[in-house]
Amino acid sequence: QVQLVESGGGLVQAGGSLRLSCAASGRTFSSRARGWFRQAPGKEREFVAAISWIGGNTYYADSVKGRFTISRDNTKNTVYLQMNSLKPDDTAVYYCAASSITGVRTVYGYDFWGQGTQVTVSS
């Protein structure tokens, strides 16, 4: 079965940190780029960060640049999102996704999605 599974979400105070993980199963993910998106209540799903599977090129939304870091472990077929200096505006459900295209910043460029993990930042 092909799937993406996120973990690591939770409740944290403003200024704190969290590390999200996205583990993939299935051969189809072995050469796919990965992205993180988030969706707050009443808002559209928005791009957060992306990483290529070869070369490790990274891409970030302006709102998280300098605070979030995306990385991957090819041996574990897992992508991480280290989130530092968290703000209440970062509160959302965070989704991991896979794409055959590197550096895509729109949801329409991704064809596999995880179920999401909740991140709540209190002020």
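The values are calculated or read from the model by the stated rules, or taken from the named source; none is laboratory data. Not measured: the values here are computed from a predicted model. No Cβ is skipped: glycine too gets one built from the backbone with ideal geometry, and neighbour counts run over all protein chains shown. Note: areas computed on protein heavy atoms with side chains; ligands, DNA, RNA excluded. Shrake-Rupley method; radii C 1.70, N 1.55, O 1.52, S 1.80 Å.
Highest mean packing first, where packing is the average number of other Cβ atoms within 10 Å per residue, the peptides 91-97, 55-61 line up as 91-97, 55-61.
Dipole magnitude of the chain about its Cα centre, charges +1 at Lys/Arg Cβ and -1 at Asp/Glu Cβ only, in debye to the nearest 20?
Dipole magnitude for the chain comes out near 200 debye.
Using the Cα coordinates of the chain, the gyration tensor eigenvalues translate into equivalent-ellipsoid semi-axes of 22, 14, 14 Å, sorted from longest to shortest. Report the one residue of 36, 101, 85 whose Cα lies farthest in the direction of the positive end of the charge dipole of the chain (charges on C-beta: Lys and Arg +1, Asp and Glu -1; origin at the Cα centre). So the residue furthest toward the plus end is 101. Model label points for residue 57 and residue 11, set 7 angstrom from Cα along the Cα-to-Cβ axis, are 4.2 nm apart. Per residue, the average separation of C-alpha pairs within less than 8 Å and at least 6 apart gives segment 29-123 a relative contact order of 32 percent.
Length available on full extension from residue 115 to residue 43: 0.36 nm per residue minus the Cα-Cα distance, which gives 24.2 nm. Solvent-accessible surface of the chain, taken per residue with a 1.4 Å probe and all protein chains present: 51 Å².
Of all lysines in the structure, those lying under 20 Å Cα to Cα from residue 43, and not within fewer than 8 positions of it along the same chain, are 87.
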